[in-house]
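What follows is a single structure, written as structure tokens, with notes after it.
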């Protein structure tokens, strides 16, 4: 009987001890679980590929860019935003990586990326709101639109003229002029007509070989072909042929200064001016031949020598935007203009010449405006991909 009472007493003591020690543990666990349940799950996404998300920071496996933490709006605000989005009219759907590609209905590209909706309010020009923290994380930088002195330098190659064909054409033209002069008093109209045709044809040949009308007139007045086209004579100047590619042809005109350096004489420079531009473009190289008359200092330059050439062009003072600010979609050029309260507006622009890291602005911007020069593509991605981000599939769990 005593043994039974002792066993009962031991059981009661164990129950009491369990109650004292276990309650705090259970309470602590409950609090801990409550915190875990109430804590919002952090989501990280790639700004370039928003369909990839992760629950931890890291790098995008597609492009290697650092993942960006998704900023969660308060629940009440999210519900309010969803209500507003439902109320807004969808104008069209836009490709997330190419803003110029749109669709009137929901669509996907060949890679399976979903087009994102563009709402009526979004297209109204109010701008894209990007917090300062977000701007820092995606590396946003800005610069001013202002008038700048634009200069452009063309570097190309050339050779000292060895052009027997042009020399012979000059001889033919001068000979035609002499025969025309000797027959000017002829009473036979056919002879005069034929000699006029010969002179005209010889002059056309000179034009096709790159001589300008002014140079042809000077040749006629001089009465002798230019022997330095094929012989290293003791003359003050030589002709140099240079290659100018199609994308730089707009900068070239007669009278521009040229500085050349012969490969045979490194460190020795020779100066001159552009005297003629060939009228025909080379279809294979997409270039045009330009002739310059160069002072042959110390008579060092010889026919067919290779040279390096520099042409400095002063475009004057122009309203200019940094080259890095321009997003070229192929069909249009876009810049992001910084507006008030951390907002950015996409702006279509029409641009002129590119020189020294800047574009000449013809339309779309005014002096004093601030434009995004770094992170502009990510700003566009940030605005266009919000719905794709919110509906992205989780990876890396």
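The values are calculated or read from the model by the stated rules, or taken from the named source; none is laboratory data. This is a predicted model, so every value here is computed, not measured. Note that we place each Cβ from the backbone using ideal geometry, even for glycine, and neighbour counts take in every protein chain shown.
Okay, here's what the table says:
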{"item": "Boolean, residue 319 is modelled with pLDDT under 90 and surrounded by 16 or more Cβ atoms within 10 Å (Cβ to Cβ)", "result": "no"}
{"item": "The stretch 235-289, residues that are surrounded by 14 or more Cβ atoms within 10 Å (Cβ to Cβ), in contact with a helix residue (DSSP H, G or I) (Cβ under 9 Å, 6 or more places away or on another chain) and assigned to a strand (DSSP E or B)", "result": "237, 238, 239, 244, 270, 275, 276, 277, 287, 288"}
{"item": "Qualifying residue in the stretch 59-71 (condition: modelled with pLDDT under 75, out of contact with any helix residue (DSSP H, G or I) (no Cβ under 6 Å at 6 or more places or on another chain), closer than 18 Å to residue 117 by Cα and assigned by TED's automatic domain parsing to the domain that holds residue 117)", "result": "no"}
{"item": "Criterion (at pLDDT below 90 and loosely packed, with under 14 Cβ neighbours inside 10 Å) met by exactly one of 341, 382", "result": "341"}
{"item": "Some residue of the stretch 184-207 being closer than 30 Å to residue 310 by Cβ and assigned to a helix (DSSP H, G or I)", "result": "yes"}
{"item": "Flag if residue 195 is farther than 27 Å from residue 295 by Cβ and modelled with pLDDT under 85", "result": "yes"}
{"item": "Index of the failed condition, residue 89 passing every other in (1) over 20 Å from residue 139 (Cβ atoms); (2) out of contact with any strand residue (DSSP E or B) (no Cβ under 6 Å at 6 or more places or on another chain); (3) at pLDDT 70 or above; (4) exposed (fewer than 13 other Cβ atoms within 10 Å of the Cβ)", "result": "(3)"}
{"item": "Conditions (1) in a loop (DSSP other than H, G, I, E, B); (2) modelled with pLDDT of 85 or more; (3) within 37 Å of the chain's Cα centre (by Cα); number of the one not met by residue 211", "result": "(2)"}
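Rundown of residues vs (1) more than 30 Å from residue 375 (Cα to Cα); (2) free of Cβ contacts under 8 Å to residues at least 40 places away in the same chain, yes/no style:
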| site | (1), (2) |
| --- | --- |
| 133 | no, yes |
| 137 | no, no |
| 153 | no, no |
| 165 | yes, no |
| 184 | yes, yes |
